[in-house]
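Peer 1: Sharing a structure here in structure tokens format.
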Amino acid sequence: MGNRAIWSYRPTRVLVTGGAGFLGSHLCERLVAAGQDVLCVDNFYTGDKGHVAHLMDNPRFEVMRHDVTFPLYVEVDAIYNLACPASPVHYQNAPVQTTKTSVHGAINILGLGKRLGAPVLQASTSEVYGDPEVHPQPETYRGHVNPIGERACYDEGKRCAETLCFDYRREHGMAVKVARIFNTYGPRMHPNDGRVVSNFIVQALRNAPITLYGSGEQTRSFCYVDDLVTGLVRLMETPDASGPVNLGNPGEFTVRELAETVVDLTGSRSPIEYHPLPADDPVRRCPDITRARETLDWAPTVRLRDGLARTIEWFDALLRHLDRDGVGPP
Ligand code: NAD
Ligand code: UDP
Ligand code: UDP
């Protein structure tokens with residue numbers, strides 16, 4: 001049974017919700033490699049058992065199919081709550097379920113953490129800043145979110161989950177950790193999830209048109225998954241840190257620059273094709289990571305070109321595999 005005293009040591013039994021997703025699977029891998037017992041809980045809405053298949057034979061790892069909107073009774077020492085679809089295409093496909101996952105899910109996971117005296121790390125997002133009027137975004141910025149738009153199920157769900165974290169902390173003295181994650185990319189992104197890095201790489205590898213939304217002058221900051229996972233683990237293992245803390249790469253690029261870099265790295269013949277900008281698409285986004293540097297001694301180390309090259313290699317193998325098996329383009 002976990003208790004607060006254990007918090008001064010490294011956790012040994014760790015729950016990762018959303019553990020079969022993109023970030024979750026990398027986190028599970030990292031924790032197992034560090035000698036921790038990992039329970040991966042996932043309803044496989046956007047996750048894939050294949051992402052953790054290589055861990056299945058490890059006695060330190062187990063998977064449970066479960067939806068976090070329902071109560072969960074397990075015994076662990078620390079909890080990473082990552083369950084939630086992250087790409088606009090996926091969360092807008094099931095907006096009510098997305099809010100339920102963020103809000104009911106957070107209540108259940110915080111209730112679990114409260115019973116166990118276990119710290120809960122909540123995967124929050126830069127989307128809590130909405131379409132920001134302050135640039136770059138520090139944690140003190142309160143955001144500019146449309147509460148009734150197409151992104152609201154995700155943005156407001158995540159904002160409410162943060163509220164719950166800090167109310168459980170104030171009311172029950174719980175150890176909570178809130179990571180505001182900025183755009184992260186890498187191997188195991190879903191080829192169909194519509195996020196910009198996966199879209200551009202798949203399009204470039206197929207010599208298909210690169211779909212640039214709007215003018216392409218909007219900016220994002222892209223963090224390689226290994227750096228992000230280091231930040232999450234660092235936040236969990238730093239006793240005094242509760243957050244919210246921005247985790248992301250402060251290098252800022254226009255979406256057009258990203259397209260050009262992907263075309264360059266793949267040697268693609270893809271032309272650029274212009275599409276309308278989706279509703280409420282933030283114009284600029286870049287994390288101020290001063291807090292993460294100071295409290296976690298964390299900063300990203302992987303340059304965009306290097307991270308993209310590794311990601312392209314992974315997608316190239318995936319597409320070859322899909323083509324060979326006759327699955328066709330994703
Ligand atoms: P993902 O979609 O690959 O992973 C989410 C995982 O949660 C999937 O395995 C999915 O099946 C699972 N899930 C969804 N609803 C669930 C439910 N009700 N019960 C149990 N499992 C459920 O997304 P990701 O990129 O790995 O994101 C992981 C977390 O990080 C999310 O909470 C997301 O909001 C947050 N985040 C990610 C990014 C990013 O750039 N990748 C940025 C900001 C925040
Ligand atoms: N919960 C859970 N696992 C536990 C403990 C609680 O899933 O081990 C869920 C349960 O559904 C509960 C919610 O977490 O309703 C919130 O728990 P809390 O103790 O905060 O509130 P209460 O039990 O009073 O509703
Ligand atoms: N985008 C684009 N083409 C695509 C997919 C996305 O130009 O095929 C743009 C999108 O409009 C946004 C940025 O790339 O400005 C990042 O989109 P993504 O969905 O990856 O994440 P967001 O940061 O918007 O949640």
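Peer 1: Can you tell me which residue in region 21-41 is farthest from ligand 1 (Cβ to nearest atom), limited to those that are farther than 22 Å from Gly117 by Cα and in contact with a Ser or Thr (Cβ under 9 Å, 6 or more places away or on another chain)?
Peer 2: Checking each candidate, the answer is Arg30.
Peer 1: Test Val103 against the criterion of being touching a helix residue (DSSP H, G or I) at 6+ places or on another chain (Cβ under 8 Å), farther than 12 Å from Ala20 by Cα and either assigned to a strand (DSSP E or B) or more than 7 Å from ligand 1 (Cβ to nearest atom) (or both), and give yes or no.
Peer 2: Here the answer is yes, as Val103 does meet what is asked.
Peer 1: Follow-up question, since we're still on this one. Looking only at region 108-150, filter to residues that are within 16 Å of ligand 2 (Cβ to nearest atom) and part of a loop (DSSP other than H, G, I, E, B); which one of those is nearest to His90 (Cα to Cα)?
Peer 2: Restricting to residues being within 16 Å of ligand 2 (Cβ to nearest atom) and part of a loop (DSSP other than H, G, I, E, B), the top hit is Pro119.
Peer 1: Looking at Thr46, is it under 27 Å from Ala33 (Cβ atoms) and within 16 Å of ligand 3 (Cβ to nearest atom)?
Peer 2: yes
Peer 1: Another question, then. Looking at Arg180, Arg142, Arg159, can you tell me which residue is modelled with pLDDT of 95 or more and surrounded by fewer than 20 Cβ atoms within 10 Å (Cβ to Cβ)?
Peer 2: On the way: Arg180 fails: surrounded by fewer than 20 Cβ atoms within 10 Å (Cβ to Cβ); Arg159 fails: surrounded by fewer than 20 Cβ atoms within 10 Å (Cβ to Cβ).
So the residue among Arg180, Arg142, Arg159 that is modelled with pLDDT of 95 or more and surrounded by fewer than 20 Cβ atoms within 10 Å (Cβ to Cβ) is Arg142.
Peer 1: What is the residue count in region 78-105 for residues that are surrounded by fewer than 24 Cβ atoms within 10 Å (Cβ to Cβ) and at pLDDT below 95?
Peer 2: 6
Peer 1: Now, a different point. Go through (1) within 15 Å of ligand 1 (Cβ to nearest atom); (2) in a loop (DSSP other than H, G, I, E, B); (3) over 25 Å from Asp323 (Cβ atoms); (4) not β-branched (Val, Ile, Thr) for Met189 and report which single condition fails.
Peer 2: Here Met189 meets the rest and fails (3).
Peer 1: Also, I was wondering about something else. Would you confirm, using the coordinates I've provided, whether Gly130 is under 24 Å from Val225 (Cα atoms) and touching a Gly at 6+ places or on another chain (Cβ under 7 Å)?
Peer 2: Answer is yes for this residue.
Peer 1: Another question about this same structure. Among the small types (Gly, Ala, Ser), surrounded by 18 or more Cβ atoms within 10 Å (Cβ to Cβ) and not in a helix (DSSP H, G or I) - does that describe any residue in region 247-264? Full working, then the answer.
Peer 2: Within region 247-264, the subset among the small types (Gly, Ala, Ser) is 248, 251, 259.
If we keep only those that are surrounded by 18 or more Cβ atoms within 10 Å (Cβ to Cβ) as well, we get 248, 259.
Now drop any that are not not in a helix (DSSP H, G or I), which leaves 248.
Yes, the conditions are met somewhere in region 247-264.
Peer 1: Given the conditions (1) surrounded by fewer than 17 Cβ atoms within 10 Å (Cβ to Cβ); (2) polar (S, T, N, Q); (3) modelled with pLDDT of 95 or more; (4) within 26 Å of Glu29 (Cα to Cα), report the number of the one that Thr238 does not fulfil.
Peer 2: (3)
Peer 1: Condition first: more than 26 Å from Tyr129 (Cβ to Cβ) and small (Gly, Ala, Ser). Can you find one or more residues in region 294-316 that meet it?
Peer 2: Yes, region 294-316 contains a residue that is more than 26 Å from Tyr129 (Cβ to Cβ) and small (Gly, Ala, Ser).
Peer 1: If you don't mind, there's one more thing I want to ask. Can you tell me how many residues in region 87-130 are away from ligand 3 (no atom under 16 Å from the Cβ) and among the polar types (S, T, N, Q)?
Peer 2: Total satisfying the criteria: 5.
Peer 1: Inside region 203-220, can you point out the residues that are touching a His at 6+ places or on another chain (Cβ under 9 Å) and either more than 10 Å from ligand 3 (Cβ to nearest atom) or aromatic (Phe, Trp, Tyr) (or both)?
Peer 2: Selection gives Tyr213 alone.
Peer 1: So is Leu319 within 16 Å of ligand 1 (Cβ to nearest atom) and crowded, with 17+ Cβ neighbours inside 10 Å or not?
Peer 2: no
Peer 1: Restricting region 227-269 to residues that are within 15 Å of the chain's Cα centre (by Cα) and within 16 Å of ligand 3 (Cβ to nearest atom), which is farthest from Lys177 (Cα to Cα)?
Peer 2: Asn249
Peer 1: Under 7 Å between Cβ atoms, which residue pairs at least 6 apart in sequence (or on different chains) link something in region 29-56 that is of a type in the set (Ser, Thr, Tyr) with a partner that is buried (at least 22 other Cβ atoms within 10 Å of the Cβ)?
Peer 2: Matching pairs, first to second residue: Tyr45/Pro85; Thr46/Gly21; Thr46/Pro85.
Peer 1: Let me ask another. Which ones in region 281-320 are over 21 Å from Phe200 (Cα atoms), of a type outside the set (Ser, Thr, Tyr) and out of contact with any Ser or Thr (no Cβ under 8 Å at 6 or more places or on another chain)? Give the derivation first.
Peer 2: Going through region 281-320, the residues over 21 Å from Phe200 (Cα atoms) turn out to be 287-301.
Keeping just the survivors that are of a type outside the set (Ser, Thr, Tyr) gives 287-289, 291-294, 296-300.
Correct list: Asp288, Ile289, Arg291, Ala292, Arg293, Glu294, Asp297, Ala299, Pro300.
Peer 1: Looking at the structure I just gave you, is Gln137 more than 17 Å from Gly18 (Cα to Cα), surrounded by 18 or more Cβ atoms within 10 Å (Cβ to Cβ) and away from ligand 3 (no atom under 12 Å from the Cβ)?
Peer 2: Judged against the criteria, Gln137 is a match.
The values are calculated or read from the model by the stated rules, or taken from the named source; none is laboratory data. Because the structure is a prediction, the values reported are computed rather than measured. Cβ: placed from backbone, ideal geometry, glycine included. Neighbour counts: every protein chain shown.
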